[in-house]
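Everything below concerns the one structure shown next.
The values are calculated or read from the model by the stated rules, or taken from the named source; none is laboratory data. Just so it is clear, the model here is predicted, and its values are computed rather than measured. Virtual Cβ from ideal backbone geometry, glycine too; neighbours counted across all protein chains shown.
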Amino acid sequence: MSARVYLDHAAGTVVSPAARTALVEGLALTGNPSSLHASGRAARRLLEESRESLAASLGAHPGEVVLTSGGTEGDNLAVRGGWRARRAEGRDAVAVSTVEHLAVAATAAALAEDGGRVVGLGVDADGRVREDVWDRVDERVAVASVMWVNNETGTLQPLDRLVEACRRSGAWSHSDAVQAVGVLDVDFAASGLDLLTVSGHKLGAPVGVGALLVRREVRLHPVGSGGGQERDIRSGTVPAALAAALAAACAEAVAGRAEHRRRASELTGRLLAGLAASGLEGWRRNGGGEVSPAVVNLGFEGVRADDLLMLLDAAGIDCSTGSACSAGVVQPSAVLLAAGADEATARSALRFSFGPTTTAEDVDALLRVLPGAVRTARRVA
Amino acid sequence: MKVLAAMSGGVDSAVAAARMVEAGHEVTGVHLALSRNPQSFRTGARGCCSREDAHDARRAADVLGIPFYVWDLSERFAADVVDDFVAEYAAGRTPNPCLRCNEKIKFSAVLERGLALGFDRVATGHYARLLPGPDGVELHRAVDGDKDQSYVLGVLGPEQLARSAFPLGDTPKPQVRAEAAARGLLVADKPDSHDICFIADGDTAGFLSSRLGSQPGAVVDTDGTVLGSHEGTHGFTVGQRRGLRLGVPAPDGRPRFVLDISPAERTVTVGPREALEVRELEGIRPGWTGQAPVAEWHGTVQLRAHGEALPARAELRDGRLLVRLERPASGVAPGQAVVLYDGTRVVGSATIDSTRHGTTGARDAQPVAAR
């Protein structure tokens, strides 16, 4: 395969050199961090140093860092674990925005099996949680979960309103911030959130590691049973080498986020200006005015996104449709549907997302093929 | 050439795609998601719409090093194949859904989408041959007579055939399996699929009952005597012997067969094997792989999948195809296709609408009406 133009960093970005080095060095350590002997202590030391580094990068206390296998596990712990912890108080509901990733949305929906309720927080046409829904976060809500940055459209959510609603009602506030860390200024303490999910492979660490930040006063119930290695919330041997890679990647991403934002904004501007200059008609950027500079979600009238993706793939460009089922069938974007789009529009969107390695040449390569590919895809009846 | 290889997840389509790659074409694999509720795992040899099949197709594409996508055609499939299948049974006919799928999905919806996206051909693992002829490409039977699938391709027209590729038509099936193994394709030992892919458990009668409900009626003999009852005419096919559940044996003690199905009266007529014999039939919606015959045509016809080739004459009259068999055929079910062959070459096809006994007998005086 020739060199690819990789514009799908929101799905998984490049593993940073620092994370790679940290991982390899960590793998050289033999031993289980829970063991009491010298080898175990060495592994535990790497783990705790990684935790401290991660906490420092994210504005958290080290005791607030629960290491996980990734974003989905963190979201499960926060939503299900939070609901289980508080239902005895008469809080039988979770409140989630209607544009959450399935890691939150499906977890919330699954609580119905155990007698839970889901309170939907509706969004406006941009996909932003509406101003008039916050009073739905009431005294019967255990956890309210609203993502920091939407994974499909890049839309920023009003987290200050989430925190305010939770303070008023006593619910715990949770945000899936996997698309925010390394792009925006994510500071756990300053955010006022009770729970925040981080995923490694979105910020330069390998797939298979992440963290849930849990404010010290918040006592989640475990979701899986076992040795309770992570604050009795999460069981399983903690992979010290992966934790080290996560910490290294996170430190680098946080240090570089202002520069990444600046560059990503330039790339976004270049892409939108180039498309406007191409003469292509019938396209728009989805997600509204307050969006992550690293995500550009474009809708193309009269196009099925999976056709366009295939044409771009053949031209050497990697990008993404909203989601596909387990068999690989592309689905209409649930995010755009929730924002009021019709099904054809929800099937017409592609996501291009930028990472630290993305260059202006990558955007130019996309611009060379995108208008023609859209015209070809429009020939499909 | 840019080739779209339809990959079902089975061994045939995987080897077909491999051969297109080896021939130097730029091949892209697509798996067609046809079922709205894909079964997670196949049971036995049934089902072509399962998640496991999509996985197997994807893994074959990996081995071949070609791009792979899943195309969702479930809506078209439900409307054009499944609903049609149910409606045909409801009308007392016996449809062939694979043929309808080739006509409406694989060589229509998929082909059109592929052509629009810049592909030149659709390749499948069907056992049939495309050979150059004086008037363009010709569709012929496969070399492997046991596997020949030209019957279910008989509905294709010249434009569709010109945009198709059937790379397996010259190869016996065992050789295709051996080739799959030699190429490292993991599906080399996967069982063949035989059944209707959208009826995963193989219970066609149960599927039809769930869609059509219970419509009780009488089972009668040729002079109208009621012999028993049934829960719906859609449970029967002309020529069927088993499952009639008649309490009374025939006076002569011989087995009885379904002769006729009349959904309007909700009757199923049964009788002896001889009464099943058909010498003439009429087909509707005739279609041709090339030029339509101008005068009376003489060749062989096939009346069901894996049926034998029967010598026959045919002519077009008022848009209907009239077929006279030289020897009587048994159990010819309306709704099936009559496919016309000139030697190994497919000439065209029509959907069987009505049949005639063709000798003296009760049904000769009153031909089965076109429904």
Within region B:63-100, which residues are among the charged types (D, E, K, R), under 20 Å from B:Val152 (Cβ atoms) and either outside any helix (DSSP H, G or I) or within 14 Å of chain A (Cβ to nearest Cβ) (or both)? B:Arg76, B:Arg93
From A:Thr321, A:Thr268, residue being at pLDDT below 95 and not aromatic (Phe, Trp, Tyr): A:Thr321
Of a type in the set (Gly, Ala, Ser), closer than 30 Å to A:Leu337 by Cβ and not assigned by TED's automatic domain parsing to the domain that holds A:Phe354: does that describe A:Ala55? no
Would you tally the residues in region A:286-312 being part of a loop (DSSP other than H, G, I, E, B) and free of Cβ contacts under 8 Å to residues at least 24 places away in the same chain? 0
Go over the candidates A:Leu366, A:Leu370, A:Leu312 one by one and state the one that is in contact with a Cys (Cβ under 9 Å, 6 or more places away or on another chain), away from chain B (no Cβ under 14 Å), farther than 30 Å from A:Gly122 by Cα and not small (Gly, Ala, Ser). A:Leu366
Does A:Ala327 fit the bill of being modelled with pLDDT under 95, in contact with a helix residue (DSSP H, G or I) (Cβ under 6 Å, 6 or more places away or on another chain) and not in a helix (DSSP H, G or I)? yes
Residue check, B:Ala57 closer than 28 Å to B:Thr289 by Cα and either within 23 Å of the chain's Cα centre (by Cα) or within 14 Å of chain A (Cβ to nearest Cβ) (or both): no
Every residue in region A:3-24 that is within 12 Å of A:Ala248 (Cα to Cα) and among the hydroxyl-bearing types (Ser, Thr, Tyr), please. A:Ser16, A:Thr21
Looking only at residues in region B:209-235 that are free of Cβ contacts under 8 Å to residues at least 40 places away in the same chain and not in a loop (DSSP other than H, G, I, E, B), which one is nearest to the chain's Cα centre (by Cα)? B:Gly235
Can you tell which of B:Val278, B:Val238, B:Val323, B:Val301 is free of Cβ contacts under 8 Å to residues at least 60 places away in the same chain, under 30 Å from B:Val219 (Cα atoms) and crowded, with 16+ Cβ neighbours inside 10 Å? B:Val323
If a residue has to be over 18 Å from the mean Cα position of the chain (by Cα) and either more than 14 Å from chain A (Cβ to nearest Cβ) or without any contact (Cβ under 8 Å) to a residue 24 or more places away in the chain (or both) to count, how many in region B:101-116 make the cut? 2
Failed item, numbered, when B:Leu185 is tested on (1) surrounded by fewer than 16 Cβ atoms within 10 Å (Cβ to Cβ); (2) touching a helix residue (DSSP H, G or I) at 6+ places or on another chain (Cβ under 6 Å): (1)
Can you say whether A:Ala334 is surrounded by fewer than 21 Cβ atoms within 10 Å (Cβ to Cβ), within 22 Å of the chain's Cα centre (by Cα) and more than 14 Å from every other protein chain (Cβ to nearest Cβ), as far as the supplied structure shows? yes
Looking only at region B:171-196, filter to residues that are in contact (Cβ under 8 Å) with a residue 24 or more places away in the chain and of a type in the set (A, V, I, L, M, F, W, C); which one of those is nearest to B:His126 (Cα to Cα)? B:Val176
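Condition check ((1) more than 14 Å from chain B (Cβ to nearest Cβ); (2) among the β-branched types (Val, Ile, Thr); (3) surrounded by 22 or more Cβ atoms within 10 Å (Cβ to Cβ)) across all residues:
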| residue | (1), (2), (3) |
| --- | --- |
| A:Leu280 | yes, no, no |
| A:Val296 | yes, yes, yes |
| A:Leu308 | no, no, yes |
| A:Gly322 | no, no, yes |
| A:Ala339 | yes, no, yes |
Being modelled with pLDDT of 95 or more, within 28 Å of A:Ala241 (Cα to Cα) and in a loop (DSSP other than H, G, I, E, B) narrows it down to one of A:Ala55, A:Ala60, so name that one. A:Ala60
Test for A:Ala349: is it in contact with a Gly (Cβ under 7 Å, 6 or more places away or on another chain) and more than 13 Å from chain B (Cβ to nearest Cβ): yes
Strands (runs of 3 or more DSSP E) fully within region A:163-265 counting 2 or more residues that are of a type in the set (Ser, Thr, Tyr), within 27 Å of A:Arg45 (Cβ to Cβ) and in contact (Cβ under 8 Å) with a residue 12 or more places away in the chain: A:195-199
Would it be correct to say that A:Val143 is over 13 Å from the mean Cα position of the chain (by Cα) and surrounded by fewer than 20 Cβ atoms within 10 Å (Cβ to Cβ)? no
Can you find a residue in region B:103-111 that is at pLDDT 95 or above, aromatic (Phe, Trp, Tyr) and in a loop (DSSP other than H, G, I, E, B)? no
The listed residue being farther than 29 Å from A:Phe354 by Cβ and either among the basic types (Lys, Arg) or not assigned by TED's automatic domain parsing to the domain that holds A:Ala180 (or both), out of A:Arg128, A:Arg91: A:Arg91
